[in-house]
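Heads up, the thing below is written out as structure tokens.
What follows is calculated from the coordinates using simple rules that are stated; it is not laboratory data. All values reported here derive from a predicted model rather than from experimental measurement. A quick note on method: Cβ atoms are made from the backbone with ideal geometry, for glycine too, and the neighbour counts reach across all protein chains shown.
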Amino acid sequence: MQDSLITSFNRPLIMGIVNVTPDSFSDGGLYLSTQKAITHAKKLIDEGVDILDIGGESTRPGSHSVSIDEELNRVIPVLEALVDTHIPISIDTSKPEVMKQAIASGASIINDVNALQAPGALEITAQNNHVRVCLMHMQGMPQSMQENPLYSHVVSEVKNFLQQRIDAAIAMGISQDRLIIDPGFGFGKTLTHNLMLLNQLHEFTKLNVPILVGLSRKSMLGAITGNKVSDRIHESIAAALLAINNGAKIVRVHDVKASKDALAVYTAMQTCNDR
Ligand code: 8Y7
């Protein structure tokens, strides 16, 4: 089972992003976006993805939330179409009801940008003791989080928050080996905050839980290079590699093939002494 990869981490893992968010400007509707998401996921599998992260609610800066039913209608058909591939599926949600139904449909990881803070989220996770969960840090809410991010010590504040969420999960009976942490690049952080987190990512290894990062195509990279979102592949690869070199075990990316090739160089370097 692929899950053993996540346990051993003998190489960095690639989580591929599968968004199921109907484009309000095209009239294809939900059916078309479902089909598109499935086709896209299969392409990522062909490219060698380790985990698929399926999300039905945009959490980009400025975005608004969707209802439980709408989110379920988006993600469940996609999940059902992909379980037979046996690639571990992560459900990107903060809603306990979506977590529950996604797990019932075969999701084995919960990716919660809200770190299981919604009422009932810890309980659902605890009740399903085969699933892993990624606890991410965010300051504020997506609608307004980039308006005025403020920290006195960004690294220690993010680290303390993640330690508290680890403690809350463990107190609920979720074992530590099911947890993953994420500093939440771009979620209520300025460019400087993001760069400090990336530079000091090693600090987070002290929490003794694998680190996941999402840097792919983010505006912090555009702020450095000036490239538009569709043209940020090189900086995304550089950022993923730096994160891995600084202790990350999983990278959440759009560009699976490119990330895989870049990480192959890292893994080759890491294992040169074993030859
Ligand atoms: C992240 C994420 C997004 C991230 C984790 C985007 C859902 C914004 N970013 N989940 N989700 N970490 N764990 O630009 O950084 O992809 S959405």
**Report entry** Relative exposure of 167, 53, 274, judged by other C-beta atoms within 10 Å (fewest first)
**Finding:** 274, 167, 53
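Can you tell me the dipole magnitude for region 75-189 around its Cα centre, using point charges on the Cβ only (Lys, Arg +1; Asp, Glu -1), in Debye to the nearest 20? Spell out each step's value before the answer.
Values: 7 positive and 11 negative charges, 33 e Å.
For this selection, approximately 160 debye.
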Query raised in the report: How would you rank 155-163, 214-222, highest first, on the average number of other Cβ atoms within 10 Å across their residues?
Result: 214-222, 155-163
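How far, in nm, would the chain grow between residue 9 and residue 266 when pulled straight, counting 0.36 nm per residue and subtracting the alpha carbon separation?
This chain segment gains 91.2 nm when fully extended.
Would you mind getting me the FRET efficiency between residue 127 and residue 203? Use the beta-carbon distance for r and R0 = 35 Å, nearest 0.05.
Details: r = 32 Å, r/R0 = 0.92.
With a Förster radius of 35 Å, E is 0.65.
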Query raised in the report: Which length gain, in nm to one decimal place, applies between residue 43 and residue 148 when the Cα-Cα distance is subtracted from 0.36 nm times their residue separation?
Result: 34.0 nm
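Mind checking the dipole of region 14-80: about its Cα centre, +1 per Lys or Arg Cβ, -1 per Asp or Glu Cβ, Debye to the nearest 20? Each step should come with its number before you reach the end.
Working: 5 positive and 11 negative charges, 30 e Å.
It works out to roughly 140 debye.
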Query raised in the report: Ordered by packing density, taken as the mean number of other Cβ atoms within 10 Å over each peptide's residues, highest first, how do 98-111, 130-143 rank?
Result: 98-111, 130-143
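What does the charge dipole of the chain about its Cα centre add up to, to the nearest 20 debye, if the Cβ of each Lys and Arg holds +1 and the Cβ of each Asp and Glu holds -1?
On the way: 23 positive and 28 negative charges, 126 e Å.
Roughly 600 debye, rounded to the nearest 20.
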Report summary line: Each label sits 7 Å from Cα toward the beta-carbon; between residue 30 and residue 156 the label points are separated, in nm, by 4.8
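DSSP H helices in the chain with Cα extent of 27 Å or more along the helix axis and mean Kyte-Doolittle hydropathy at least -0.5?
Span-like helices here: none at all.
Assuming R0 = 30 Å, what is the FRET efficiency of residue 168 and residue 228, from their Cβ-Cβ distance, to the nearest 0.05?
Working: r = 39 Å, r/R0 = 1.30.
According to the calculation, E is roughly 0.15.
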